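As structure tokens, the structure follows; a few thoughts come after it.
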Amino acid sequence: MAYRRPLAKDIQRIKGPTAPRKRFENFEETRAIASETIESAVCHPLTNTSQNKILEDYEHSVKGSFDKIVPVLKSISSIQNSNDFILQAQKLAIEELGFELPLHVLEKAWVRPLDMRALFAWSVFQAHQKASAEFFNSDPLNGSEKSPLAKKFQSFLLECGFHLLDVTPCSDGRLAHSIAYAMRIPFSSVRRRSHAGALFDIERTVNRWIKTEHKRFRENMPNEAHTPTRYLKVVTYHFSSIDPKHQGCAAHGSDDVLAAKAGFQRLLDFRKAVENSFCCGASVDLLLIGLDTDTDSIRIHVPDKDSKTDLSSWVSSQDLYRLTHHLSASMALKKIKEVIKQKSTGNTEVGMINFIAKLIENNFSQIDYVRHLHSGPYPDAGHAERFIGVGIGFKEVHLRNLTYFAHLDTVEEGAPDLDVGIKIFKGLNVIRDLPIPVVIRFDYSGRVPGERERAIDDCLRVRNAISNRYRSLVDDGLLHTLLTIRDRDLKDPAEVVGSSLDSIPKEAH
Ligand SMILES: [Zn+2]
């Protein structure tokens, strides 16, 4: 597959040729499991191969547009002293990348060396905008509210006894695809908020819970308030089966026991906050999931009917895959449910068992996806993100290792998340003399008067705070920002409201 080669090359370039995978203590073991998961090309009977093809094409197309940037810029750099340089450069950029380069940067080529850092950041921003526009205009993942897949999943969720699914994965870019790929949930059927270490903001989640319950009460959406369904809050922590001590969650020192414990404590605190404030804790269910960033297999800690959860016990999709591969689809599903029941620490609701079984079933498709695409586990065990996403939004980002998220209102509040992101990108980009591309995003509601203007102000405020915090990187042209806003009530792509690459910079407030 054409996609596999550039990705592996990319990783080699980042890590250097002297970083053989054998140094990872569990590499051979994980590869053996991932490949033995079946030596032949046969997929699990529950695997959705047609969906895998759609997802592969999408990943190939989006990541491919980012990965073309460096080779094309190298070609452009080599012709910067030719007479018709601007003409040639634009021709190459349009043909190979699909967009023009900024004229005010190209025009300086005769008097000083071409600012390749600016061209790189510009190209990353353009690739992001292109992917963002495609996502909202043509729904390539079939996950929008109108898609039959989303409608089906929404009904299934209600049947399981949940009126809202709210998932917090870690902000690590290796989990950015956890909804649309690893768990195969239509993106419109879930509220996703990524946070470092999957440690979500309790107050904001309580607010979201209030909004959800209020909507049920006022509008019967998605169902009537008196129907005994619950708000399901999920935390997805992560670990690395190949290199558990180094490639796990940075926020928890690569300690998966700690990651699970901290994530579950946050869930308990959220439920307590709802119970203490509204005396209706029964309407909140909790679920803890672990994701192996090397194989995308998941492990689910089966809760009892009161959300009591044993952190040292789980159902593993990898184990269940092997256990059920030889069975028919219906027998495999039956077996999955049996094992989930066995792992339950008490009475687990039937709806919860069905929901967990669905996640396991969906994850089988992802296990086959990774296995077939890479002939084993992912070749990029570590970070390989293309840009940092800062602010509130990014509904369109669903690919692994594309974006490091720092969800924040203010840089002061989100500084730890952002510092981790900058550190990661120093290793990915700055070490190669390339800048860190930072896309700032603030979603707003067009229904609320003045909120669009406030979103623009938020972008400028965060941009200025980033410039102050990482002053030397900005001064050296090693950090560039793109400011974007998006009306969350519409299906339109994000709108660009400024960039550090503007020929005339917008005035800071
Ligand atoms: Zn993490």
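By average Cβ neighbour count within 10 Å, what is the ranking of 65-78, 162-175 from highest down? Walk me through the numbers before you get to the answer.
Working: 65-78: 16.9, 162-175: 24.7.
Output ranking for 65-78, 162-175: 162-175, 65-78.
Principal axis lengths of the stretch 188-233 from Cα atoms, whole Å, largest first?
For the stretch 188-233, the Cα extents along the three principal axes come out at 35, 20, 17 Å.
Could you work out Rg/(2.2 N^0.38 Å) for the stretch 121-204, with Rg from alpha carbons only?
1.24
Can you tell me what the convex hull of the Cα atoms of the stretch 79-167 projects to on average, as an area in nm²?
On the way: hull surface 33.2 nm².
Average of the hull's projected areas for the stretch 79-167 equals 8.3 nm².
More than 28 Å apart: what percent of Cα pairs in the stretch 148-374 qualify?
Details: 6509 of 25651 pairs.
Pairs farther apart than 28 Å: 25 percent.
If you take the alpha carbon radius of gyration of the chain and divide it by 2.2 N^0.38 Å, what ratio comes out, to two decimals?
Numbers: Rg = 23.2 Å, N = 509, 2.2 N^0.38 = 23.5 Å.
In units of the globular-protein estimate, the chain measures up at 0.99.
Would you mind counting up the charge near Cys279? Only other residues with Cβ under 13 Å from its Cβ, with Lys and Arg at +1 and Asp and Glu at -1.
On the way: positive: Arg271, Lys272; negative: Glu213, Glu275.
So the surrounding residues net to 0.
Using the alpha-carbon centroid of each, what span in Å lies between the stretch 409-453 and the stretch 64-102?
Distance between centres, Cα-based: 27 Å.
Once you keep just the Cα pairs under 8 angstrom separated by 6 or more residues, what percentage relative contact order results for the stretch 148-374? Show your work: numbers first, answer last.
Values: 374 pairs, mean separation 44.5, N = 227.
RCO, the stretch 148-374: 20 percent.
Restricted to Cα positions, what overall size does the stretch 283-336 have along the principal axes? Three whole-Å values, descending.
Between the extreme Cα coordinates on each principal axis of the stretch 283-336 lie 37, 27, 18 Å.
Enumerate the amide H contacts of Ile392 below 5 Å, restricted to partners 5 or more residues apart or on another chain; note that Pro and chain-start residues carry no placed amide H.
Leu408, Arg441, Phe442, Asp443
Tell me the net charge near Thr309. Cut-off is 13 Å between Cβ atoms, Thr309 excluded, with +1 for each Lys or Arg and -1 for each Asp or Glu.
On the way: positive: Lys233, Lys261, Arg266, Arg271, Arg299, Lys305, Lys308, Lys343; negative: Asp285, Asp304, Asp306, Asp310.
My count for the surroundings of Thr309 gives +4.
Under a straight-distance cross-link criterion of Cα-Cα below 28 Å, which lysines are reachable from Lys146, leaving out those fewer than 8 residues away in the same chain?
Correct list for Lys146: Lys53, Lys63, Lys130, Lys211, Lys215, Lys233, Lys358, Lys395, Lys491.
Which of the lysines could a cross-linker span from Lys108 if the Cα-Cα distance has to be under 19 Å and same-chain partners fewer than 8 positions apart are dropped?
Lys74, Lys91
Under 14 Å Cα to Cα from Lys423, which aspartates and glutamates show up? Leave out anything in the same chain fewer than 8 places away.
Cα-Cα hits under 14 Å: Asp172, Glu385.
Averaging over every viewing direction, what projected area does the convex hull of the Cα atoms of the stretch 352-509 cover, in nm²? Let's see the in-between values first.
Numbers: hull surface 50.4 nm².
Approximately 12.6 nm², given one-decimal rounding.
Computed from the coordinates by the stated procedures, all read-outs in this text should not be read as laboratory data. Computed from a predicted structure; not experimentally measured. Glycine gets a Cβ as well: all are built from the backbone with ideal geometry, and neighbour counts include every protein chain shown.
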